[in-house]
1. Of everything in segment 54-74, what is crowded, with 18+ Cβ neighbours inside 10 Å and either under 17 Å from Glu89 (Cβ atoms) or not β-branched (Val, Ile, Thr) (or both)? Give them in sequence order.
2. Just to be sure, is Glu81 more than 20 Å from His11 (Cα to Cα) and modelled with pLDDT of 55 or more?
3. Which members of segment 38-58 meet the condition of being in a strand (DSSP E or B) and not hydrophobic (A, V, I, L, M, F, W, C)?
4. Here are some residues: Ile77, Ile35. Which one is touching a helix residue (DSSP H, G or I) at 6+ places or on another chain (Cβ under 6 Å), without any contact (Cβ under 8 Å) to a residue 40 or more places away in the chain, open to solvent by less than 30 Å² (accessible area, probe 1.4 Å) and part of a strand (DSSP E or B)?
5. For segment 40-53, name all the residues that are open to solvent by 50 Å² or more (accessible area, probe 1.4 Å) and aromatic (Phe, Trp, Tyr).
Amino acid sequence: ALHEWCTDNGHTPYMVVWVDENTDVPREYVQNNEIVLNVGYGATKDFRIENDWVSFSARFGGQSREIWVPVGNVVSIFARETGEGMGFEVEKQPVAARPAPVPDAPPPTEPEDEPPRPGGRPHLRVVK
């Protein structure tokens, strides 16, 4: 929802990620175990937010890289222009295998009449 709010208001969404063995990001851009990623549609390709993972392709130093981030490693999402956004608590997890990409598959959808999940592990989902 924050990603879409930023985009709908003409802002650039950025995501701060806690980097550990579960994240697949360019390590040369990591500082103090964190990386700040531009997750705007103009800076990413195949951007997907799922229950457990955020994934996309982006260019770093002119080279295309695949990015995989567990939702529990997202520290915050904010608008670059205003700094408005939301922070999240990092969830330390054991090393997990990332899901295999499914080529040309539509993103999974949840029924709109389904109530939000009570308690449990927080997750991000695209809200239209």
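1. Passing the criteria: Val54, Ser55, Phe56, Ala58, Val69, Pro70, Val71, Gly72, Asn73, Val74.
2. Working: more than 20 Å from His11 (Cα to Cα): no; modelled with pLDDT of 55 or more: yes.
Taking the combined requirement at face value, the residue does not satisfy it.
3. Let us first name the residues in segment 38-58 that are in a strand (DSSP E or B), namely 38, 44-49, 53-58.
Passing the criteria: Asn38, Thr44, Lys45, Asp46, Arg48, Ser55, Ser57.
4. Ile35 is the lone residue from the list that is touching a helix residue (DSSP H, G or I) at 6+ places or on another chain (Cβ under 6 Å), without any contact (Cβ under 8 Å) to a residue 40 or more places away in the chain, open to solvent by less than 30 Å² (accessible area, probe 1.4 Å) and part of a strand (DSSP E or B).
5. Tyr41
The values are calculated or read from the model by the stated rules, or taken from the named source; none is laboratory data. Predicted model only: the values in this text are computed from it and were never measured. Positions of Cβ are backbone-derived with ideal geometry, glycine not excepted, and every protein chain shown enters the neighbour counts. Each accessible area value is taken on the protein alone, full model and side chains, heavy atoms only, with ligands, DNA and RNA left out. Shrake-Rupley method; radii C 1.70, N 1.55, O 1.52, S 1.80 Å.
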